[in-house]
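So the structure is just underneath, and the comments pick up after that.
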């Protein structure tokens, strides 16, 4: 007999013994099992750890779907350049009267541009003494305009009560420049600046205000104190003094008079400077300069921004294509896990 046949024979005997020795439940055990209450039906439990990723995938897919719809709707609208070309072609094909009659029912809305008036923002103070300095640079069209506007600026300054402090005029070839330093009463400086900036294209405007009231108040207080000291010195000199005391008082009197004269002159000069504004007007002849080309740094930044924008578009398109597939895959994985858990529970109940 071969070894394989011997193993098979032993296996058969062992299986027969196991079948014969199979335990048989007693009747009492069977009654106890029958008296047990059946288990409650299985409930569907919601696992947040698994539900949240699936919900996130669903929300992402919904957002991508909305983005696709918006992109399609926006893409159906004509490009602004194409719209301009279309309007130009319509204007060439249709008479002007028909186009106006078709658009007459629409009411245009005009929005006023926002402008910051620096002259009003930097107006001189009425209650305080201030030093007002203005620098203007204006571009005019020709040498004739340069000569005409130079004479007009001087005449305007004199009519306003001011005067010409310094001037320089040069007109070589087709170019030319004129520089004027004008002293204008502070109450007319706003009108003067508005008048000068209308000569041509305003290239530069700089206004500097400096408060002089505190300086004048300090000089006035010092002058009053010196005047009081002079009165005291005169009263002391009128009395009986020794030659040494009289000499000291006379020396002090002379020093105070000299200082008083200097401070009085300084205060008057400061007040006059606050009453007359300084306007430095420069006019040049030349065409309007062309816009400067973008530098290498700006071109590099623009190229990098365009590349990043293109990569973002590609990423959005990839998400649009893969979004529904990810959503279906997540739903399939979730459904498979739930079915597997349900089948495991049923097997345990049967056992």
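The values are calculated or read from the model by the stated rules, or taken from the named source; none is laboratory data. Note that the structure is predicted; figures quoted are calculated from it, not measured. Neighbour counts are summed over all protein chains in view; Cβ atoms, including those assigned to glycine, are modelled from backbone coordinates with ideal geometry.
Within segment 181-193, is there a residue that is surrounded by 14 or more Cβ atoms within 10 Å (Cβ to Cβ) and closer than 16 Å to residue 286 by Cβ? No, segment 181-193 contains no residue that is surrounded by 14 or more Cβ atoms within 10 Å (Cβ to Cβ) and closer than 16 Å to residue 286 by Cβ. For segment 154-175, which residues satisfy the criterion of being within 15 Å of residue 143 (Cα to Cα) and in a loop (DSSP other than H, G, I, E, B)? The answer is 171, 172, 173, 174, 175.
Exactly one residue out of 190, 236 is in a helix (DSSP H, G or I), at pLDDT below 95 and closer than 17 Å to residue 137 by Cα, and it is 190. Here 267, 272 are screened, and the one residue that is closer than 30 Å to residue 137 by Cβ and part of a helix (DSSP H, G or I) is 272. Condition (residue is in contact (Cβ under 8 Å) with a residue 24 or more places away in the chain, in contact with a helix residue (DSSP H, G or I) (Cβ under 7 Å, 6 or more places away or on another chain) and within 30 Å of residue 145 (Cα to Cα)) applied to segment 214-231: is it met by at least one residue? Checking segment 214-231: not a single residue is in contact (Cβ under 8 Å) with a residue 24 or more places away in the chain, in contact with a helix residue (DSSP H, G or I) (Cβ under 7 Å, 6 or more places away or on another chain) and within 30 Å of residue 145 (Cα to Cα). Scanning segment 155-178 for residues that are surrounded by fewer than 17 Cβ atoms within 10 Å (Cβ to Cβ), more than 30 Å from residue 215 (Cβ to Cβ) and at pLDDT 90 or above gives 155, 159, 168, 169, 170. Of all the numbered requirements in (1) assigned by TED's automatic domain parsing to the domain that holds residue 135; (2) modelled with pLDDT under 70, residue 281 misses one, and that requirement is (2).
One residue stands out among those in segment 275-288 that are touching a strand residue (DSSP E or B) at 6+ places or on another chain (Cβ under 8 Å) and not in a strand (DSSP E or B): the one that is nearest to residue 149 (Cα to Cα), which is 286. Residues of segment 204-219 that are surrounded by 14 or more Cβ atoms within 10 Å (Cβ to Cβ) and closer than 13 Å to residue 271 by Cβ: 212, 213, 215, 216, 219.
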